[in-house]
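*Asks:* Pasting a structure below so you can have a look.
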Protein chains: 4
Amino acid sequence: MGEDGRHRRAREMREERTKQILAAGLQIFAEQGYHRASVADICGRAEVARGTFYLYYPSKRDLFDAVMDALIRDLERGIRRVDVSPGAAPPLEQLKQNMLWLLSLPRARPEMLQVLLWEAVGVDDVSDRKLASLHHRMFELTRRSLETGQALGLVRPSDTDVTARAVVGAVKELLLSLRVRGDLPQEDLAHLADELLAFATRGLLSV
Amino acid sequence: MGEDGRHRRAREMREERTKQILAAGLQIFAEQGYHRASVADICGRAEVARGTFYLYYPSKRDLFDAVMDALIRDLERGIRRVDVSPGAAPPLEQLKQNMLWLLSLPRARPEMLQVLLWEAVGVDDVSDRKLASLHHRMFELTRRSLETGQALGLVRPSDTDVTARAVVGAVKELLLSLRVRGDLPQEDLAHLADELLAFATRGLLSV
Amino acid sequence: MGEDGRHRRAREMREERTKQILAAGLQIFAEQGYHRASVADICGRAEVARGTFYLYYPSKRDLFDAVMDALIRDLERGIRRVDVSPGAAPPLEQLKQNMLWLLSLPRARPEMLQVLLWEAVGVDDVSDRKLASLHHRMFELTRRSLETGQALGLVRPSDTDVTARAVVGAVKELLLSLRVRGDLPQEDLAHLADELLAFATRGLLSV
Amino acid sequence: MGEDGRHRRAREMREERTKQILAAGLQIFAEQGYHRASVADICGRAEVARGTFYLYYPSKRDLFDAVMDALIRDLERGIRRVDVSPGAAPPLEQLKQNMLWLLSLPRARPEMLQVLLWEAVGVDDVSDRKLASLHHRMFELTRRSLETGQALGLVRPSDTDVTARAVVGAVKELLLSLRVRGDLPQEDLAHLADELLAFATRGLLSV
DNA sequence: GATGAATGAGACTTCATTCAT
DNA sequence: AATGAATGAAGTCTCATTCAT
């Protein structure tokens with residue numbers, strides 16, 4: 001139908017614009033943080049007028065929510081739950097894959113980490129809850145993995161509530177420290193992952 | 001003599017007020033973060049007029065700096081460098097003492113952690129630099145301890161650049177997660193410290 | 001074409017608003033002086049919101065500069081340098097024309113004189129420099145005219161540094177005194193000009 | 001009486017302090033103008049506490065009034081009315097004396113001129129009225145002198161309303177221009193006075 | 001009387017959001 | 001749908017004046 005085609009076209013353009021503003025928001029929020037970023041900045045980057053902005057997002061706050069939601073979705077999409085079914089790759093190998101993917105983020109998606117690990121922190125209650133919730137899922141994923149490992153006899157008995165947090169914290173910290181050093185060669189990522197896994201699996205003590 | 005006394009009195013009162021406003025700022029910043037906290041809020045908490053505020057701090061920004069400086073000073077004061085001279089307590093014991101002290105902070109100084117680990121993040125370049133600097137010192141402290149441990153044969157060979165970050169991250173994460181649960185019994189702290197140390201020293205794998 | 005028209009229209013409206021606020025500023029500054037005039041007053045007179053003001057002028061100070069610049073431009077535009085080329089009107093006649101134009105200002109542009117001769121005095125260093133500069137140009141114009149007159153043998157020898165100032169001062173004073181009497185008939189202006197010129201040319205003494 | 005002595009002493013000290021603050025006010029107002037001068041500045045110069053200020057003057061505004069009043073009194077005290085009684089010095093000589101005294105002011109009392117000719121201009125309605133009133137007395141003095149001169153046949157017929165203003169303006173202008181050049185030798189004053197009187201008596205034209 | 005810390009009204013300015021075109 | 005000029009609430013900071021000591 002002509003009607004349908006026109007409608008579809010309109011919808012597609014609308015989605016296009018929505019994404020365009022979202023992308024601009026991501027960039028600006030990553031560069032300046034929520035408070036220093038002005039709606040004018042974002043419109044400038046998105047190359048739309050200030051009024052247009054409000055046709056697509058009800059407020060600066062809502063755009064920030066959308067940016068966070070998109071980042072969180074992308075982040076969680078990349079993480080593979082460890083598969084312990086018979087025939088799957090060894091759990092440690094799977095872990096390392098996850099680790100490598102995470103460690104690739106500072107290079108591949110620097111603004112993602114800049115926003116999720118830094119600029120979104122303490123913005124307001126809503127964003128804090130979003131972060132807490134993301135964090136909680138990462139933590140639970142880790143904790144359940146550890147418990148599975150314990151059930152399989154791979155992981156020594158421990159308070160997974162504590163150790164899962166320690167693991168999550170170690171990873172976050174490494175990502176945070178990579179966030180600043182702009183460029184690091186791919187080979188190093190493997191080294192980092194190895195070191196991190198060695199630390200997590202065998203600890204620091206010799207023998 | 002009388003002159004001296006009057007001067008001393010005046011100075012003391014000035015210091016008192018300075019601290020009073022600092023304390024109010026700490027509370028308000030911890031509760032609301034830098035951006036949502038208004039000078040009026042802080043004055044309300046400190047029970048002084050708005051003009052009074054500016055007799056003691058040149059601006060809201062400067063008060064925030066002072067708050068951060070005080071917190072960082074308190075934090076670093078509490079951390080004891082591990083003493084490896086003969087006759088000192090065993091290094092792990094010393095580490096555990098540090099850990100226990102840190103883990104007591106969510107209870108003893110909840111606003112300290114709220115500000116240093118959360119609200120000060122991403123406020124502006126100055127506060128970010130302060131945090132980065134604090135963080136760097138913590139990291140270096142840890143890294144040097146690990147290197148000392150390696151030299152003594154206690155710590156297995158590893159890239160201390162990575163492992164030190166992992167350790168710092170694990171501790172930060174635990175503090176961050178304790179920050180929200182207001183009340184936790186003293187005995188648990190020892191358990192947490194033990195678990196954390198066990199994780200860091202022996203890793204996760206069984207055997 | 002349509003693009004051009006829209007742009008031109010927008011530019012015109014912008015210039016209109018700029019002038020509208022400039023005019024309001026002139027009125028308010030003339031009525032109240034720089035310090036008692038608030039941005040709110042000016043916006044009230046211009047019938048725009050406070051925020052609108054800052055779309056057109058970066059600050060109250062800048063508006064005052066713009067007001068002064070416009071007044072100074074208008075003032076200097078009205079003054080004709082005396083033409084001594086052969087065939088030109090007699091110098092005294094030309095002087096009288098200038099004088100008449102100046103003397104018309106209290107009626108035609110009362111706020112101009114109110115601001116330039118009164119309210120801008122002592123506002124701050126920038127405005128003082130602007131006034132000094134205007135004043136200097138008036139003085140030099142007068143001094144050079146006197147020197148030309150001396151070269152032509154029309155003006156008696158004298159220290160033109162002194163006499164030029166005296167002339168400028170006499171004119172300023174007359175303008176200042178006319179500033180308050182709102183209404184005076186046009187014919188009087190000719191009388192004033194005649195008296196002033198008679199004073200300046202022949203002095204006070206009889207014979 | 002002891003009582004009397006104590007009271008007198010107290011009164012004298014009060015007057016002393018009053019003058020001390022007045023002097024500080026004069027200096028600060030001359031340096032910075034009314035609006036930029038803060039009560040704190042004045043107290044600093046007077047070496048009294050801020051509270052003390054208000055024991056002697058009800059407000060900054062009132063101090064400014066007092067400063068102006070003192071300056072105006074000093075100024076008018078120095079001006080001698082031309083004495084036309086038989087046996088008195090020739091009127092022009094008396095005029096020159098007045099002129100010389102006025103021209104000595106930029107050196108002798110620079111702050112007086114700075115305040116009366118510049119900083120007090122446009123401060124507010126009260127100070128404007130004071131200036132207008134001073135000005136009016138100077139004008140009337142001049143006008144009556146001219147009329148006396150006309151009655152004696154010394155001064156040519158003219159609209160004294162205009163010429164008196166011209167004379168006052170010329171003098172003011174010269175004072176204003178001297179205000180800035182800090183140092184000029186005493187002999188020059190005579191020259192200036194001569195030039196000014198020559199201008200006023202004989203005008204500019206040759207023959 | 002002297003002090004100076006405290007007060008709070010008031011000014012300027014920013015910027016998220018609205019609205020007429 | 002798109003524009004961008006206009007809006008005005010809200011926030012920071014200054015400084016003349018008051019008041020407890």
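*Asks:* At 1.4 Å probe size, what's the solvent-accessible area of residue A:14? Round to the nearest 10 Å².
*Replies:* Number for this one is 110 Å².
*Asks:* In nm, one decimal, shortest first: how far is the label point of residue D:88 (7 Å from Cα along Cα to beta carbon) from the matching points in the other copies?
*Replies:* Ordered by increasing distance: 4.5, 10.0, 11.8 nm.
*Asks:* Starting at the first residue of segment A:81-95, write each ³J(HN,Hα) from the Karplus equation 6.51 cos²θ - 1.76 cosθ + 1.60 with θ = phi - 60°, in whole Hz, x for Gly and Pro.
*Replies:* Once θ is set to phi - 60°, the couplings for segment A:81-95 become 5, 5, 9, 9, 5, x, x, 6, 4, x, x, 4, 4, 4, 4 Hz.
*Asks:* Additional query: Per the Kirkwood treatment, what hydrodynamic radius in Å, one decimal, follows for the protein assembly as shown from the mean inverse distance over all distinct Cα pairs? Don't skip to the answer; put the middle values down first.
*Replies:* On the way: mean 1/r = 0.0287 Å⁻¹.
Radius from the Kirkwood sum: 34.9 Å.
*Asks:* How large is the Kirkwood hydrodynamic radius of chain A, in angstrom, based on all distinct alpha carbon pairs? Could you put the intermediate results ahead of the total?
*Replies:* Working: mean 1/r = 0.0516 Å⁻¹.
Value: 19.4 Å, from the Cα pair sum.
*Asks:* Compare C:145, C:177, C:38 in a GNM of chain C, Cα atoms joined below 10 Å, and give the one with the largest fluctuation.
*Replies:* C:177
*Asks:* Please report the carbon-and-sulfur percent of the accessible area for segment A:1-84; probe 1.4 Å, protein heavy atoms only, DNA, RNA and ligands left out. Walk me through the intermediate numbers first.
*Replies:* Details: 2490 of 5090 Å².
Accessible surface attributable to carbon and sulfur in segment A:1-84 totals 49 percent.
*Asks:* Sticking with this structure for a sec: Could you tell me the accessible area of residue B:19 in Å² (1.4 Å probe, neighbours in place), rounded to the nearest ten?
*Replies:* Estimated to the nearest 10 Å², residue B:19 gives 140 Å².
*Asks:* How large, in percent, is the carbon and sulfur part of the accessible surface of segment D:112-207 at a probe radius of 1.4 Å? Each step should come with its number before you reach the end.
*Replies:* Values: 2280 of 3970 Å².
Percent of accessible area from carbon and sulfur atoms in segment D:112-207: 57.
*Asks:* Still on this structure, I have one more. Quote the accessible area belonging to residue C:35 in square angstrom, nearest 10, computed with a 1.4 Å probe and with ligands, DNA and RNA left uncounted.
*Replies:* Looks like 70 Å² after rounding.
*Asks:* Could you identify which residue out of C:111, C:31, C:47 has the top mean-square fluctuation in a GNM of chain C using Cα springs shorter than 10 Å?
*Replies:* Its mean-square fluctuation being the largest, the pick is C:47.
*Asks:* Ballpark to the nearest 100 Å², how much total accessible area do A and B bury together, probe 1.4 Å?
*Replies:* 4300
*Asks:* Something else: Once the Cβ-Cβ distance between residue B:61 and residue D:133 is put in as r, and R0 is 35 Å, what FRET efficiency do you end up with, to the nearest 0.05?
*Replies:* On the way: r = 49 Å, r/R0 = 1.41.
Calculated transfer efficiency: 0.10.
*Asks:* Measuring nothing but label to label, 7 Å from Cα along Cα→Cβ, what are residue B:65's distances to the other copies in nm, shortest first?
*Replies:* Once sorted, the set of distances for residue B:65 reads 2.8, 3.7, 4.4 nm.
*Asks:* While we're on this one: As a check on your reading of the symmetry: which chain D residue has its Cβ nearest the axis that brings D onto A, and how far is it in Å?
*Replies:* Checking which Cβ lies nearest the axis yields D:36, 17.
*Asks:* Here is a further query. Taking the radius of gyration and the Kirkwood hydrodynamic radius from Cα positions alone, what is the Rg/Rh ratio for segment B:93-196, to two decimal places? Intermediate values should be presented prior to the final figure.
*Replies:* Details: Rg = 14.9 Å, Rh = 14.9 Å.
We get a ratio of 1.00 for segment B:93-196.
*Asks:* Right, next: Give me the 1.4 Å probe accessible area per residue for chain D, excluding ligands and nucleic acids, in Å².
*Replies:* Spelled out: the 1.4 Å probe surface of chain D, per residue, equals 51 Å².
*Asks:* Additional query: Amide H of residue D:155: which non-local residues (sequence gap of 5 or more, or other chain) have their own amide H closer than 5 Å, using H built in the peptide plane?
*Replies:* Close amide H contacts, sequence-distant or interchain: C:206, D:150.
*Asks:* Please list 3J(HN,Hα) in residue order for segment B:153-162, calculated via the Karplus relation 6.51 cos²θ - 1.76 cosθ + 1.60 where θ = phi - 60°; whole Hz, with x for glycine and proline.
*Replies:* Residue by residue, segment B:153-162 yields x, 7, 9, 5, x, 6, 6, 5, 4, 7 Hz.
*Asks:* Run the numbers on chain A and let me know its relative contact order in percent, using alpha-carbon pairs under 8 Å that are six or more apart. Write out the running numbers ahead of the final one.
*Replies:* On the way: 141 pairs, mean separation 42.6, N = 207.
This gives 21 percent for chain A.
*Asks:* Placing unit charges on C-beta atoms (Lys and Arg positive, Asp and Glu negative, everything else neutral), compute the dipole magnitude of the protein assembly as shown about its Cα centre in debye, rounded to 20. The partial results should precede the final answer.
*Replies:* Numbers: 120 positive and 120 negative charges, 65 e Å.
Here the size comes out at about 320 debye.
*Asks:* List the distances, in nm to one decimal, from the label point of residue C:128 to the label points of the same position in every other copy, shortest first, placing each label point 7 Å from Cα along the Cα-to-Cβ direction.
*Replies:* 2.1, 4.3, 5.2
*Asks:* Towards the positive end of the charge dipole of the protein assembly as shown, with charges on Cβ (+1 Lys, Arg; -1 Asp, Glu), say which of D:40, C:102, D:5 has the farthest Cα.
*Replies:* Selected residue: D:5.
*Asks:* Now a separate question. Between segment B:78-98 and segment B:6-74, how many Å separate their Cα centres?
*Replies:* Each part's Cα centre sits 36 Å from the other's.
The values are calculated or read from the model by the stated rules, or taken from the named source; none is laboratory data. Please read all numbers here as calculations on a predicted model, not as lab measurements. Cβ coordinates were reconstructed from backbone atoms using ideal geometry, including for glycine residues, and neighbour counts include every protein chain displayed. Surface areas here come from the heavy atoms of the whole protein model, side chains and all, with no ligands, DNA or RNA. Shrake-Rupley method; radii C 1.70, N 1.55, O 1.52, S 1.80 Å.
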